[in-house]
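No value in this document is a laboratory result; all are computed from the given coordinates. A quick note: this is a predicted structure, and the numbers were derived from the prediction, not measured. Every residue, glycine among them, receives a Cβ derived from its backbone with ideal geometry; neighbour counts consider all protein chains shown.
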Amino acid sequence: MQQVIIPSAARGPLSYFLLSTNHQPLNSISSRIRTSKKLACKLFRMNTSKTQDLKPFRMNTYKGNNILDTQDVLGYALSMKTTLQLPKTLQEAVAFFSDPQRRFDYAIALRWPDGKVTCPRCDSTEHSFISTRRIWFCKECKKQFTVKVGTIFEDSALGMDKWMIAVWLIVNAKNGISSYEIARALGVTQKSAWFMMHRIRLAMHNKDFVKLGGPGSEVEVDETFIGGAARFMHPARRKRVITERGVKDKAPVVGILERGGRVHANVIPTRRKHHLQAEIRAHVAAKSAIYTDALMSYQGLNNQDFVHQTIDHAERYVQGQVHTNGLENFWSLLKRGLKGTYIAVEPFHLFRYVDEQVFRYNNRATKEHFIGDGDRFQMAMSHIANRRITYQELTGKGTDAIHQA
């Protein structure tokens, strides 16, 4: 006989008990068992003598070929360290986060990795937990808080199950995903989905100030312009938006790519020398080999502790190691999402969409280092804390006075 732990769906008032059964899939057992208080107590009395030297812990007791065969449960086992099996696909993510208790445990582990729950307002560790509502009451500031407070999820009426799936979808969609598609998938309004996606983009923003390149490294620098093509516009809109030929009414974006490494992209006011070179000095380490096109704004980098070489695109696109084709690849991915998925992007929101594509590009899978959908999800979720944006701030209608205190 094999000892199998009854899954959480079949728990009674007692959290831990054992059941002796044959080698059967756990989901088939859970479908047959309808545990009442009497059955739970009876099972507990039957196995009390067997579990005196065992300690409770969270584990995956059975993992079959189907996601429904995998159950995360609480049970008795010998004292040992275990880790929660996290989802790797969208199907597994939907099943994983559909369990309220498992979702709550995951959020706690993510919000407070060291295991010490602290008040997000006053950092106090003195609090009481209200289990019926799954909230804490801080004894220091006398306020209640949940796992959402102090994160991108704060003040959201939507459940964490919807938030988790929304994060999964946006971080793993190579060309982005529209708010209308998110709204249909989650059963929310398009307005809510749009707000959710901008909150998630805030978590995807990279706040690290590590410079790219260094001695012996090759760095590509290039700029592009984001804006609607005049030939696709209605005549009335074209007359209002396009005031001159060229790039005057478009938003410039500068990109810096370390070959074999990461990319940095940022919206800049103009592509004049003082704006472009200030961005390079801020994000490229000294002694780096910098490759650019023949734009005059890049002249003078050799005098700033860089090794600068140019390629004139009017003559050729590649000359040995001197080219910017790596950044051209990134620009194609960025514009594919902007033109094909998001269609119309306001200039004051453009940097958020750039951050989204930068996150996906920097966390893409390579031959040397595999990164799966679950890994990208974990990376985004690890940056949800201490990032907050309100709808008023996002739409430019002023700040939310409730959160200024």
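Looking at the range 145-215, the chymotrypsin sites (Phe, Trp or Tyr not before Pro) that sit in a DSSP loop and have at most 12 other Cβ atoms within 10 Å of their own Cβ are Phe209. Based on C-alpha pairs under 8 angstrom that are at least 6 apart in sequence, the range 287-402 has a relative contact order of 14 percent. Efficiency by 1/(1 + (r/R0)^6): what FRET value for Lys335 and Trp112, r their Cβ-Cβ distance, R0 = 60 Å, to the nearest 0.05? Taking R0 as 60 Å, the efficiency between Lys335 and Trp112 is 0.90. Going 7 Å from the Cα of Phe370 toward and past its Cβ, which residues in the range 87-123 have a backbone nitrogen under 17 Å from where you end up? Only 87-90 pass the distance filter. The gain in end-to-end length when the Val307 to Cys122 segment is fully stretched comes to 61.7 nm, 0.36 nm per residue minus the alpha carbon separation. For the range 313-360, the list of GluC sites (Glu not before Pro) that fall in a loop by DSSP and count at most 10 other C-beta atoms within 10 angstrom reads Glu315. Residue order for Thr151, Thr390, Thr395, fewest other beta carbons within 10 angstrom first, comes to Thr395, Thr390, Thr151. Per-residue 3J(HN,Hα) values for the range 153-161, derived from phi via the Karplus relation 6.51 cos²θ - 1.76 cosθ + 1.60 with θ = phi - 60°, read 8, 4, 6, 9, 7, 7, x, 5, 5 Hz in sequence order (x marks Gly and Pro). With 31 Å as the limit, the listed pairs Lys239/Lys397; Lys116/Lys162; Lys148/Lys335; Lys139/Lys211 have Lys148/Lys335; Lys139/Lys211 beyond it between alpha carbons. Name the shape class, rounded, prolate or oblate, that the alpha-carbon gyration tensor gives for the range 205-301, where a ≥ b ≥ c are the square roots of its eigenvalues, rounded holds for a/c under 1.5, and otherwise prolate holds if a/b is larger than b/c and oblate otherwise. Because a/c hits 1.5 or more and a/b exceeds b/c, the range 205-301 counts as prolate.
Where in the range 97-140 does the amide nitrogen come within less than 17 Å of the point 7 Å from the Cα of Asn386, taken along Cα to Cβ? Hits in the range 97-140 for Asn386 at 17 Å: 110-125. The local environment of Ile311, defined by Cβ-Cβ distances under 11 Å, has a net charge of -4 under the rule Lys, Arg +1 and Asp, Glu -1. The mean sequence distance of close C-alpha pairs (under 8 Å, at least 6 residues apart), as a share of the length of the range 99-240, puts its relative contact order at 11 percent. Straight-line reach from Lys367: taking Cα to Cα under 19 Å and skipping same-chain neighbours fewer than 8 places apart, the aspartates and glutamates in range are Glu258, Asp375.
Considering only beta bridges that DSSP places wholly inside the range 218-345, some 65 percent are antiparallel.
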